[in-house]
Amino acid sequence: MAAVQDSAMAVGRGAQARPAAQGRFAALWTKHGAGYMFLLPWLVGFFGLTLGPAVASLYLSFTSFDLIRSPEWVGAANYVRIATADPKFAASLKVTFLYVVLSVPFKLAFALLVAILLNRGIKGLTVYRAIFYLPSLLGGSVAIAVLWRQLFAGDGLINSLLAQVGIEGPSWISHPDYSIWTLVVLSVWQFGSPMIIFLAGLRQIPTDMYEAASLDGASKFRQFYKITLPLLTPVIFFNAVVQTIEAFKAFTPAFIISGGTGGPINSTLFYTLYLYQEAFGNFRMGYASALAWILVLIIGLFTAFSFLTSRYWVHYDD
Amino acid sequence: MTDATMSSITAPPPPAAGRRSPIGSVLIHAGLIAASFAMLYPLLWMVSASVRPEDEIFSSTTLWPSSVDFSPYVRGWFGLDVSFGRFTWNSLVIAGLTVIGNVIACSLAAYAFARLRFAGRNFWFAMMLGTMMIPYHVTLIPQYVLFLDLGWVNTILPLVVPKFLASDAFFIFLMVQFFRGIPRELDEAAMMDGCGPWRIYWKIMLPLSLPVLATAAIFSFIWTWDDFFGPLIYLNDMNTYTIQLGLRTFVDSSSTSDWGGLFAMSTLSLVPVFFFFLFFQRLLIEGIATTGMKR
């Protein structure tokens, strides 16, 4: 600070203006330069790969653009068509909402249930935890989606298992009523990472609260509803928001299981898959940009809604 | 979450909240073991399908193959016009460079956010957090156009260069949290001794941050190794394919003919991730518990 003032006074002396200006620059550089040097790679990325492209994408969403000719301004036509005349958009939105609504609650319920069982001071906690976590780590890969395709095929493993108890199962992945369920099961199978977060949250609850409750004669059930659940609501909220956003963005399993089509009859046409088809299958880049901004809007609205409602059910101890 | 979480997740389990009968304990273990088996069953079945006779794949629900035969691995490896050796190499190069890029670029930015004072720091930090929230679909198309104009499509550059520009803001955030926990007295003492920010970053921060750097490196590797969307968009020439794209091509070309080869290559593609799981499980679990990572 002193250096800056010194150089400012030096500027005032006129005759030495030029070297003083350099002095002031040097002082500013010493103070702020290092920070910006360290931040430089990120700043380049921020402007070149995030902010610039985001602005460009907003512009492209009002154009018709096929990568070959220059973008042609069409006003709100893309958005109008999405809202009024695009059955695939409606279908993909329905499939995606269905997937979110089915997969997230089941996944979180499993994660919470297993976390509570594991948190009872049982032996072998680390082994169980590792086993339950493994699917989360592997589940996003193509290999697992490939495996799922076989498991739920007409002659796949699930139907072989069902046949042993005398049930003849359908071809799950090629039946429009069931195909979404195969993806839901795949998602629920990966309950391990929210489970770990629940476990960490459960560890934060002081044990003396339970001791006090036991002394007062509260049942296990009552302790769960009156202590565990309320104190865990911040973690439940966090997991719900993260998992929901992830579910909106899911892509790989639907792509592999449906062979990139989103079929049968659009029943696995995730929103992101439709966006991919429009952009890189049909090269409607302007239209796909509009789809991307609608996705942002949906996720943004959902997040805002979650935070607004959270004050009525999320318990913060402050 | 706080540091308390980080230590408590690996600390010995707390005493049971209440006394339990031995029968209750047995029941819980029986349930957990059954659940563990159900979770692992599909994975184990896939491994066994990769070595069992082809006609058993669609008939047998057991995990133990009637005879073990490794020929599907050879068939799968050479099952496409380009071998899986090439795909594996491509994946390793991309994942390796991503790890290097993320560790360098994100730690530089994190050091600036955590330790240096400069005008606009809070503003840029907020911007950085903002980029974590935006779905990548918004930047996808203009980025594609940019890389197309640069002539980078069909090379690994679009997948790797952004990492050297700290595009995975999540890791910056992870490192900032860790750097803030390192006692400030250390860098202040070094500054008294005449160390500049570069030396402090290099000689003090990085050596003390090995756990978080390792966590970031491992997650970078796993996410990049598993990434399907990026390579799907940018790599169209089979010689540039990653192992995930190779698998996808394999499914499309031979889904009805060579299941053994397909499962052999699927199993192989999971090996590196499984390796990290086996040897660095504690870091992975701590990473998730402290930051709430999605996977």
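What about A:Val101, is it exposed (fewer than 14 other Cβ atoms within 10 Å of the Cβ) and either at pLDDT below 95 or not basic (Lys, Arg) (or both)?
Taking the combined requirement at face value, the residue satisfies it.
Please report, ordered by residue number, the helices (runs of 4 or more DSSP H) entirely within segment B:122-197 with at least 2 residues that are more than 12 Å from every other protein chain (Cβ to nearest Cβ), touching a Cys at 6+ places or on another chain (Cβ under 7 Å) and not basic (Lys, Arg).
none
Select, from B:Ile33, B:Ile23, the only residue that is outside the structural domain of B:Pro211 (by TED's automatic domain parsing), modelled with pLDDT of 90 or more, outside any loop (DSSP other than H, G, I, E, B) and more than 25 Å from the chain's Cα centre (by Cα).
On inspection, the qualifying residue turns out to be B:Ile33.
Within segment A:225-236, which residues are in contact (Cβ under 8 Å) with a residue 40 or more places away in the chain and either within 11 Å of another protein chain (Cβ to nearest Cβ) or in contact with a strand residue (DSSP E or B) (Cβ under 6 Å, 6 or more places away or on another chain) (or both)?
A:Thr228, A:Pro234 - these are the residues of segment A:225-236 that are in contact (Cβ under 8 Å) with a residue 40 or more places away in the chain and either within 11 Å of another protein chain (Cβ to nearest Cβ) or in contact with a strand residue (DSSP E or B) (Cβ under 6 Å, 6 or more places away or on another chain) (or both).
Residues that are more than 10 Å from chain A (Cβ to nearest Cβ) and at pLDDT 95 or above: does segment B:103-120 have at least one?
For segment B:103-120, residues more than 10 Å from chain A (Cβ to nearest Cβ) and at pLDDT 95 or above: present.
With (1) crowded, with 16+ Cβ neighbours inside 10 Å; (2) within 23 Å of A:Tyr36 (Cα to Cα) as the list, and B:Phe229 as the residue in question, which single condition is left unmet?
All conditions are met except number (2).
Can you name the helices (runs of 4 or more DSSP H) wholly within segment B:202-295 that have at least 3 residues being of a type in the set (Val, Ile, Thr) and either touching a His at 6+ places or on another chain (Cβ under 9 Å) or farther than 25 Å from A:Met195 by Cβ (or both)?
B:243-254
Can you tell which of A:Leu117, A:Leu113, A:Leu125 is more than 9 Å from chain B (Cβ to nearest Cβ), surrounded by 14 or more Cβ atoms within 10 Å (Cβ to Cβ), more than 22 Å from A:Ala292 (Cβ to Cβ) and free of Cβ contacts under 8 Å to residues at least 12 places away in the same chain?
The conditions single out A:Leu113.
Restrict the check to segment A:184-205 and report whether at least one residue is in contact (Cβ under 8 Å) with a residue 40 or more places away in the chain, over 21 Å from B:Asp226 (Cβ atoms) and not in a helix (DSSP H, G or I).
no
Restricting to segment A:133-162, name every residue that is within 23 Å of the chain's Cα centre (by Cα) and of a type in the set (Phe, Trp, Tyr).
A:Tyr133, A:Trp148
Can you tell me which residue is nearest to the chain's Cα centre (by Cα) among those in segment A:163-183 that are more than 10 Å from every other protein chain (Cβ to nearest Cβ) and assigned to a helix (DSSP H, G or I)?
A:Leu183
Would you check which residues across segment A:206-222 are more than 8 Å from chain B (Cβ to nearest Cβ) and either of a type in the set (Lys, Arg) or buried (at least 17 other Cβ atoms within 10 Å of the Cβ) (or both) and list them?
A:Ala213, A:Arg222
Of the numbered conditions (1) within 11 Å of chain A (Cβ to nearest Cβ); (2) within 21 Å of A:Gly139 (Cβ to Cβ), B:Thr224 fails exactly one; give the number of that condition.
In the conditions (1) within 11 Å of chain A (Cβ to nearest Cβ); (2) within 21 Å of A:Gly139 (Cβ to Cβ), B:Thr224 misses (1) alone.
Can A:Ala56 be described as farther than 20 Å from B:Gly101 by Cα, of a type in the set (A, V, I, L, M) and at pLDDT 95 or above?
So A:Ala56 fits the description; yes.
The values are calculated or read from the model by the stated rules, or taken from the named source; none is laboratory data. Bear in mind that the values here come from a model prediction, so they are computed numbers and not experimental data. Cβ sites come from the backbone with ideal geometry, for glycine too, and all protein chains shown count toward neighbours.
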